[in-house]
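Colleague: Shown below is the structure under consideration.
The values are calculated or read from the model by the stated rules, or taken from the named source; none is laboratory data. Owing to the predicted nature of the structure, the values given are computational and were not obtained by experimental measurement. Every residue, glycine among them, receives a Cβ derived from its backbone with ideal geometry; neighbour counts consider all protein chains shown. For the accessible areas, the whole protein counts, side chains as well, though only heavy atoms, and no ligand, DNA or RNA atoms are used. Shrake-Rupley method; radii C 1.70, N 1.55, O 1.52, S 1.80 Å.
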Amino acid sequence: LFPVHSFAQETVEQVLQFEHTVMNIETLSEDDDPAMYHFKYHNVSKKPIYLSKLTTSCGCTVAKYDKKVVQPGEQGEIILVFHPMDQAGDLYREAFVYTDRRSILQLSWHSSVRYCLPLTDGGTILYI
């Protein structure tokens with residue numbers, strides 16, 4: 001489990017604890033459907049946590065969350081949806097979670113995306 005800390009008032013307070021913050025994903029192809037990656041967490045602090053913002057390192061990934069306010073002891077989930085079209089190569093993508101406690105957490109995933117080339121011989125796809 002991976003904690004997120006708040007650095008307010010010169011003390012370190014653990015606020016959110018994630019099951020994992022890094023994922024190694026199977027190889028994808030550019031023509032695959034969007035892939036979803038789930039990052040589950042729970043609020044281990046004694047106060048509600050407000051998720052103020054989610055950003056991603058690339059327009060190919062969309063970050064979603066199921067709640068903006070996480071009560072003490074409550075669980076939640078952040079979902080990253082990756083669109084592999086035009087993303088061939090070895091990838092390292094990130095999302096950043098911002099809270100009202102001035103804490104920032106980095107979620108990341110690693111994968112390879114195979115290049116797709118449509119051929120004129122009946123629509124066969126060649127992976128290079």
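Colleague: Restricting to region 68-95, give me the number of residues that are open to solvent by 50 Å² or more (accessible area, probe 1.4 Å), among the hydrophobic types (A, V, I, L, M, F, W, C) and in contact with a Leu (Cβ under 7 Å, 6 or more places away or on another chain).
Modeller: Final tally of qualifying residues: 0.
Colleague: Select from region 34-67 the residues that are open to solvent by 90 Å² or more (accessible area, probe 1.4 Å) and part of a strand (DSSP E or B) and write down the one among them that is farthest from residue 14 (Cα to Cα).
Modeller: Ranking the candidates gives 36 first.
Colleague: Quick test of your reading of the structure: residue 31 fulfils all but one of (1) open to solvent by less than 50 Å² (accessible area, probe 1.4 Å); (2) modelled with pLDDT under 90. Name the failing condition by number.
Modeller: The number of the failed condition is (1).
Colleague: Being among the polar types (S, T, N, Q) and surrounded by 18 or more Cβ atoms within 10 Å (Cβ to Cβ) is the filter here, so list the residues in region 96-107 that pass it.
Modeller: 99, 103
Colleague: Within region 12-28, track down each residue that is surrounded by 15 or more Cβ atoms within 10 Å (Cβ to Cβ) and farther than 19 Å from residue 106 by Cα.
Modeller: 28
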